[in-house]
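Note sheet for the following structure.
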Amino acid sequence: MKITVRSASETDLPGLLSLYSELNPDDAPLPEAHANAIWADISRQHGRTILVADVDGTVAGTTDFLIMPNLTRGGRAILFVENVVVSSSFQRRGIGRRLMEAAVQLGQSANCYKVQLLAADDEYVHTFYEACGFKALAQGFRRYIP
Ligand SMILES: CC(C)(COP(=O)(O)OP(=O)(O)OC[C@H]1O[C@@H](n2cnc3c(N)ncnc32)[C@H](O)[C@@H]1OP(=O)(O)O)[C@@H](O)C(=O)NCCC(=O)NCCS
């Protein structure tokens, strides 16, 4: 099994949407035109990177990064991580770990002082992030907007 971690391109959009449907199975699928318009916005956004883990031509996992320029901490930036998912049939093969290593490498190359994420409230997800070198150092707060 050859895992290649690379930036997502427009041709990966169906694969990404399929992974997102595994991440959030209760969400209605995005209409194609809407998904294409959002992809165009993402592609233009400075500091935004969606990575995919490509396994022999299949989009098996993904994560989404945003680098936020920052005026504290000596002006070092912050890298935020969202939408981490590995397709169920590819889990426990090191793909998630590869994606998180890529997050840290990207953060280092962009002079970020931290990589930050909110973990789902599942014990195995916490085990995963800890195995990837992350620590539960802060309490997350979230307010959904209806
Ligand atoms: C969490 C997730 C991304 C992990 O991806 P993955 O590719 O399976 O993870 P890896 O194979 O790289 O695992 C790395 C380490 O994390 C830990 N880990 C991963 N999945 C685990 C599980 N189900 N149970 C216990 N430990 C686990 C292990 O220590 C593992 O190392 P090991 O396999 O050598 O024991 C994946 O399970 C997933 O997509 N889950 C559904 C979506 C989700 O919850 N995303 C996170 C939202 S915050």
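Residues considered: 20, 113, 124. Largest GNM mean-square fluctuation over the chain, using C-alpha springs under 10 Å, is found at 124.
Extents of region 91-146, largest first, come to 35, 30, 23 Å (Cα atoms, principal axes, whole angstrom). Over the residues of the chain, the helix contribution to mean residue ellipticity at 222 nm works out to -10000 deg cm²/dmol, using -39500 (n - 2.57) for each DSSP H run of at least 4.
Applying D = kT/(6 pi eta Rh) to region 3-131, where Rh is the Kirkwood radius over alpha-carbon pairs, T corresponds to 10 °C and eta to 1.306 mPa s, the Stokes-Einstein value obtained is 103 µm²/s. Approximating the spin labels as points 7 Å out from Cα along Cα→Cβ, the residue 71-to-residue 2 distance works out to 4.9 nm.
Among 72-83, 89-100, 40-51, sorting by the average number of other beta carbon atoms lying within 10 angstrom of each residue, highest first, gives 89-100, 72-83, 40-51. Looking at region 3-131, the accessible area is 61 square angstrom per residue; that uses a 1.4 Å probe and ignores ligands, DNA and RNA. Highest mobility in the GNM of the chain, judged by mean-square fluctuation with C-alpha springs under 10 Å and restricted to 101, 123, 32, is found for 123.
The values are calculated or read from the model by the stated rules, or taken from the named source; none is laboratory data. A quick note: this is a predicted structure, and the numbers were derived from the prediction, not measured. Here Cβ is always computed from backbone atoms with ideal geometry, including for glycine, and neighbour counts include all displayed protein chains. The accessibility values were calculated without ligands, DNA or RNA, using every heavy atom of the protein model including side chains. Shrake-Rupley method; radii C 1.70, N 1.55, O 1.52, S 1.80 Å.
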